[in-house]
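Everything on this sheet refers to the single structure shown next.
The values are calculated or read from the model by the stated rules, or taken from the named source; none is laboratory data. Quick caveat, the model's predicted, so the values are computed rather than measured. Cβ atoms come from the backbone with ideal geometry, glycine included; neighbour counts cover every protein chain shown.
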Amino acid sequence: MPHTADSDRARDRIHALLVVCVLAVASLVIAFLGATPARVSATELLGETRTPGEAAFIASHRGGGASAPENTLPAIEAALAEGFDYVEVDVALTADGHAVLMHDATVDRTTDGHGPLSSLTLAEVRTLDAGSWFAPAYAGTPVPTLVEFLDLLAGTKHRALIELKGEWDAAAVGVAVGHLAGRDLDRRVAIASFDARTLARVAAASEVVSRMLILKHLPDDVVSAAAEAGVRGILVDRKAVLKRPEVVQAVHDAGVRIVVYTLNSDTQWDEVTALGVDGIVTDDPETLSAWQNSASGR
Ligand code: G3P
Ligand code: CA
């Protein structure tokens, strides 16, 4: 083909077009990566995997139910003031879809009210006394909303395991995840649930927030169950772990953390620490912390 000025110009135009395309694709990739924060790793949220005998992290159960009425702000404030790394709370939905801190399906045990939480509106729940049942000094303590809890947490450097009780639909999950993101809490909170469908909705609502699967009993293939749920960790009943201690190493090998609930005596802490579990949920974080300190000095 003869070499002409026209063919040079055509070649230059094609070259320039290619450069523009490459730059456009690179800008899109950079913009996409910048707009999508990386998912929280298991190590970022829950620390390195423990080895047998190493101290597990401490999670204060139900916000710190030994020192103040469970799942109330005074209990949570006390646990946070003690400096425990994680606080565990239970969150459930009112009849009109508001998230509040409550463990039981009914309000009877922990308030002066009666009936299922799911039959009461938020306004009705807020009239209840969630403190008198525990001690007169806590009379008039309200049932906190999830938002109140997150506002409190956001003012600290602590982390939380937030258990969603029952099955949550996509709308309710989306609102809760939005509350986390709005307070920059999505990197220091794990959402936990017994319900795999709820955890799948959390995954759909956020690429960032970590999830934990709660297991009363261990499935045959624990590693596959954790992988299918896409969780950073599993929260497992103490007896289930003691029946199958080999699962601790198996989940660690898969990069998953294992946290055990709810352990309140030194015998129990000793058993699971010897296995190398990563976290212990307890009603008595202060005594567990003292026990860990004395054990490390032995
Ligand atoms: O952390 C899991 C544990 O809290 C589950 O037990 O009944 O106290 O919510 P429960
Ligand atoms: Ca719980």
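Of these, Val272, Val281, Val208, Val259, which one is within 29 Å of Glu77 (Cα to Cα) and touching a Pro at 6+ places or on another chain (Cβ under 8 Å)? It would help to see each step written out before you state the result.
Values: Val272 fails: touching a Pro at 6+ places or on another chain (Cβ under 8 Å); Val281 fails: touching a Pro at 6+ places or on another chain (Cβ under 8 Å); Val259 fails: touching a Pro at 6+ places or on another chain (Cβ under 8 Å).
Being within 29 Å of Glu77 (Cα to Cα) and touching a Pro at 6+ places or on another chain (Cβ under 8 Å) holds for just one of Val272, Val281, Val208, Val259, which is Val208.
Kindly indicate whether Leu45 is modelled with pLDDT of 95 or more and closer than 18 Å to Leu185 by Cβ. Break it down stepwise before answering.
Details: modelled with pLDDT of 95 or more: no; closer than 18 Å to Leu185 by Cβ: yes.
Here the answer is no, as Leu45 does not meet what is asked.
Quick check on segment 234-247: of everything there that is farther than 17 Å from Thr282 by Cα and of a type outside the set (Asp, Glu), which residue is surrounded by the most Cβ atoms within 10 Å (Cβ to Cβ)? Talk me through it step by step, then tell me what you get.
Going residue by residue through segment 234-247, those that are farther than 17 Å from Thr282 by Cα are 243-247.
This time we only want the ones that are of a type outside the set (Asp, Glu), so: 243-245, 247.
Details: Lys243: 11, Arg244: 14, Pro245: 15, Val247: 22.
Here the residue is Val247.
So for segment 74-94 (the condition being more than 14 Å from ligand 1 (Cβ to nearest atom), touching a helix residue (DSSP H, G or I) at 6+ places or on another chain (Cβ under 9 Å) and closer than 23 Å to Gly174 by Cβ), does at least one residue qualify?
For segment 74-94, residues more than 14 Å from ligand 1 (Cβ to nearest atom), touching a helix residue (DSSP H, G or I) at 6+ places or on another chain (Cβ under 9 Å) and closer than 23 Å to Gly174 by Cβ: present.
Among the residues of segment 181-201, write down those that are without any contact (Cβ under 8 Å) to a residue 60 or more places away in the chain, more than 15 Å from ligand 1 (Cβ to nearest atom) and either outside the structural domain of Pro219 (by TED's automatic domain parsing) or within 11 Å of the chain's Cα centre (by Cα) (or both).
Leu185
Mind telling me which of the residues Val173, Val222, Val231 ends up being at pLDDT 95 or above, more than 15 Å from ligand 2 (Cβ to nearest atom), over 15 Å from the mean Cα position of the chain (by Cα) and buried (at least 18 other Cβ atoms within 10 Å of the Cβ)?
None of the others qualify; the one that does is Val222.
Going by the structure shown, is Gly155 more than 21 Å from Thr110 (Cα to Cα), surrounded by fewer than 22 Cβ atoms within 10 Å (Cβ to Cβ) and free of Cβ contacts under 8 Å to residues at least 24 places away in the same chain? Break it down into steps so the answer makes sense when it comes.
Numbers: more than 21 Å from Thr110 (Cα to Cα): yes; surrounded by fewer than 22 Cβ atoms within 10 Å (Cβ to Cβ): yes; free of Cβ contacts under 8 Å to residues at least 24 places away in the same chain: yes.
Judged against the criteria, Gly155 is a match.
Report the residue count in segment 232-244 for those that are away from ligand 1 (no atom under 13 Å from the Cβ) and under 15 Å from Thr49 (Cβ atoms).
Residues meeting the conditions: 1.
Check off (1) touching a residue at least 40 places away in the same chain (Cβ under 8 Å); (2) within 17 Å of Gly97 (Cβ to Cβ); (3) in a loop (DSSP other than H, G, I, E, B) for Glu167 and give me the number that stays unchecked.
The failed condition is (1).
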